[in-house]
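Here is the structure we will look at, set down as structure tokens.
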Amino acid sequence: MPQKSLNILFIGDIVGKPGIEITETLLKNYVQKYKIDFCIANGENLVDGKGIDEPSAKRIFDLGVHVITGGNHLWDNWHAKKLLSSNENVLRPLNYPQENAGNGYVIFDLGEKGKVGVLNLQGRIYMQPIDCPFKKADWAIEKIKERTNIIFIDMHAEATAEKMALAWYLDGRVTALVGTHTHIPTHDARILPKGTAYISDVGMTGPYDSVIGMKKDIAIKRLIHQTPYKYETASHDIRICGVYLLADVETGRALKFESFVYPEF
């Protein structure tokens, strides 16, 4: 008999070595606690806070993560293009021009447990002027629903309003839409009226004695001097951020949704 529900875990933006190490230490605890069937992580900042490569992705996949999502910082590491071209379970935002390497969504087959669609999108407000995430979502959802009603979206965006608007636009058509990119966990995890789980930002998995993962002094100099400084990942006050989702396999609706930060603030 097919499984009726799925336990899904999403880990927010993993930043550099500190983020990878706390994920390696603590992920198994959440997998056991929630009896996770399927795990996703945002990995656009795995390599020193900028981009992704094959060794860093392997460390995350070796933990049992099924799909790694991305964002604008994927392109900061040249090795990301090779990885995106060779591994369909590493995603880049779908609404970048199609000539770019990689895929924007994947349908992961869990065998008897069913299939899960994961879609990666990126916002346009205060970010690159790429294709419309609303129209790309419409197109992708139609394709994914041919094979599964479970659709999980990582919406990588700067503006809360854009994330929230997309969630209301897709309410009832996708299982969950979670925000990433701003690295600050928000306290608005909820299920919308038609069954879509939503949070404005899952938060960063990495060093919080920082400016969104960067050493404080460097971030301050960049803002005061208004000139570039080399990004350096901070190393203290490491926390893991994520969300847990219980999804109805048949309808695709979210049944339970909660966020976590550890250690808590």
*Quote the FRET efficiency, to the nearest 0.05, computed for ASN103 versus ARG190 with a Förster distance R0 of 30 Å and r equal to the Cβ-Cβ distance.*
0.55
*Probe 1.4 Å, protein heavy atoms only - accessible area per residue of the stretch 5-59 in square angstrom*: 34
*Computed FRET efficiency, Cβ-Cβ of LYS4 and VAL211, R0 51 Å: what is it to the nearest 0.05?*
0.70
_Two-site label geometry, LYS35 and ASP62: point separation in nm, points 7 Å out along Cα→Cβ_ = 3.0
*Quick one: pull the percent of accessible area on the chain belonging to carbon and sulfur, 1.4 Å probe, ligands and nucleic acids left out.*
52
_I need to check one value: relative contact order of the stretch 15-112, counting alpha carbon pairs closer than 8 Å and at least 6 residues apart, in percent._
22
_Exceeding the 21 Å Cα-Cα cut-off - candidates LYS113/LYS136; LYS58/LYS135; LYS58/LYS81; LYS17/LYS221_ = LYS113/LYS136; LYS58/LYS135; LYS17/LYS221
_If I histogram all Cα-Cα distances within the stretch 80-145 using bins 10 Å wide from 0, what percent of pairs lands in each bin?_
21, 47, 27, 4, 0
_Using the Kirkwood radius over C-alpha pairs as Rh, can you work out the diffusion coefficient of the stretch 171-221 via Stokes-Einstein at 25 °C, viscosity 0.890 mPa s, in µm² per second?_
198
*Whose amide H sits under 5 Å from the amide H of LEU255, counting only residues 5 or more places off or on another chain, with H placed in the peptide plane?*
LEU246, ALA247, ASP248
*asked:* I need to check one value: relative contact order of the chain, counting alpha carbon pairs closer than 8 Å and at least 6 residues apart, in percent.
replied: 20
*Size of the dipole of the stretch 159-239 about the Cα centre, Lys and Arg at +1 and Asp and Glu at -1 on the beta carbon, nothing else charged, in debye to 20?*
120
*asked:* With every protein chain kept in place and ligands, DNA and RNA left out, what is the accessible area per residue of the stretch 73-183? Probe 1.4 Å, answer in Å².
replied: 44
*May I ask you to evaluate 6.51 cos²θ - 1.76 cosθ + 1.60, the Karplus curve with θ = phi - 60°, for each residue of the stretch 49-56 and list the ³J(HN,Hα) values in order in whole Hz, giving x for glycine and proline?*
x, 9, x, 9, 9, 4, x, 5
*Please list the non-local residues whose amide H lies under 5 Å from the amide H of MET214, H modeled 1.01 Å from N, same-chain partners needing a gap of 5 or more.*
ALA234
*Looking only at GLU146, GLU99, GLU112, which one moves most when the chain is put into a Gaussian network model with springs between Cα atoms under 10 Å?*
GLU99
_Output wanted: per-residue J couplings in Hz (rounded whole) for the stretch 222-231, from phi through Karplus 6.51 cos²θ - 1.76 cosθ + 1.60, θ = phi - 60°, x for Gly and Pro._
4, 6, 6, 7, 6, 9, x, 9, 5, 5
*asked:* Under the √(5λ) rule applied to the eigenvalues of the Cα gyration tensor, what semi-axes describe the equivalent ellipsoid of the stretch 137-184? Give them in Å, descending.
replied: 21, 10, 8
*From the Cα gyration tensor of the stretch 1-151, with a ≥ b ≥ c the square roots of its eigenvalues, which class applies: rounded if a/c is under 1.5, or else prolate if a/b is larger than b/c, or else oblate?*
oblate
*Okay, which of the stretch 48-66 sit inside 18 Å, backbone N to the point 7 Å along the Cα-Cβ direction of SER235?*
48-50
*Counting only the backbone N, which residues of the stretch 112-130 are under 13 Å from the spot 7 Å out from the Cα of ALA165 toward its beta-carbon?*
123-127
*At 25 °C and 0.890 mPa s, grab the translational diffusion coefficient of the chain from Stokes-Einstein with a Kirkwood Rh over Cα pairs, rounded to a whole number in µm² per second.*
135
*asked:* Kirkwood Rh over alpha-carbon pairs of the stretch 36-109, then Stokes-Einstein at 4 °C and 1.567 mPa s: what D in µm² s⁻¹, rounded to an integer?
replied: 107
*Reported to two decimal places, what Rg/Rh ratio describes the stretch 12-54 when computed on Cα atoms with Rh from the Kirkwood expression?*
1.02
*Probe 1.4 Å, accessible area per residue of the stretch 210-265, Å²*: 62
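Say R0 is 51 Å: what FRET efficiency, to the nearest 0.05, do HIS79 and GLU258 get from their beta-carbon distance?
On the way: r = 35 Å, r/R0 = 0.69.
That pair, HIS79 with GLU258, gives E of 0.90.
The values are calculated or read from the model by the stated rules, or taken from the named source; none is laboratory data. Predicted model, so just to flag it, every value in this text is computed and none were measured. Virtual Cβ from ideal backbone geometry, glycine too; neighbours counted across all protein chains shown. Accessible surface is based on the protein model in full, side chains and every heavy atom, while ligands, DNA and RNA are left aside. Shrake-Rupley method; radii C 1.70, N 1.55, O 1.52, S 1.80 Å.
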